[in-house]
Amino acid sequence: MKTFKMIDVWGSAALIVYFLLAALIRQDETLIYGYFAVGAWQVISMLVHLYAGRFCQKGGARNTYHRAVVIVLCCVLAGLVFYPLLMIVLVILLFAAPVMAIYYTWLCYEEVYVKMKRPLAILK
């Protein structure tokens, strides 16, 4: 699991930086593609963590984040029935999604480089 988490952290960070730089250089719809690429990467990561049951304890940061994502997903699905709600949620996500992606990457980084350290490694 540690190898997966390290790939997850650095893969997510690389995707965020790549699409940010590509969007600034190209000045086209690359940023929108980045939303989907980073989002898909992180949703797959969330599903793997949920399946493995690692760091998903009740009251933990990852569990809280998973609940927030489920709430956003439910709002989007409700927006498919009530169209104005969908537009409101999508506009909010336009600004919230990058913050959520950076927070999730930081959360994964903290799990790998802080929580998974052995007690003797902390004494150095």
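The values are calculated or read from the model by the stated rules, or taken from the named source; none is laboratory data. None of these values were measured; they are calculated from a predicted model. No Cβ is skipped: glycine too gets one built from the backbone with ideal geometry, and neighbour counts run over all protein chains shown.
If you scan the range 55-75, which residues turn out to be surrounded by 14 or more Cβ atoms within 10 Å (Cβ to Cβ), within 17 Å of the chain's Cα centre (by Cα) and within 24 Å of Leu31 (Cβ to Cβ)?
Tyr65, Val69, Val72
So Ala52 ticks every box in (1) crowded, with 16+ Cβ neighbours inside 10 Å; (2) closer than 23 Å to Trp10 by Cα but one. Which box is left unticked?
Going through the list (1) crowded, with 16+ Cβ neighbours inside 10 Å; (2) closer than 23 Å to Trp10 by Cα, Ala52 breaks only (1).
Residues of the range 1-40 being loosely packed, with under 14 Cβ neighbours inside 10 Å, closer than 25 Å to Glu110 by Cα and hydroxyl-bearing (Ser, Thr, Tyr), which ones?
Result: Thr3, single match.
Spot the failing condition for Gly59; the list is (1) under 21 Å from Lys2 (Cβ atoms); (2) modelled with pLDDT under 90, and only one is missed.
Tallying (1) under 21 Å from Lys2 (Cβ atoms); (2) modelled with pLDDT under 90, Gly59 fails exactly one: (1).
Quick one: which of Ala78, Ala97, Ala23, Ala52 is at negative phi, more than 16 Å from the chain's Cα centre (by Cα) and in contact (Cβ under 8 Å) with a residue 24 or more places away in the chain?
So the residue among Ala78, Ala97, Ala23, Ala52 that is at negative phi, more than 16 Å from the chain's Cα centre (by Cα) and in contact (Cβ under 8 Å) with a residue 24 or more places away in the chain is Ala52.
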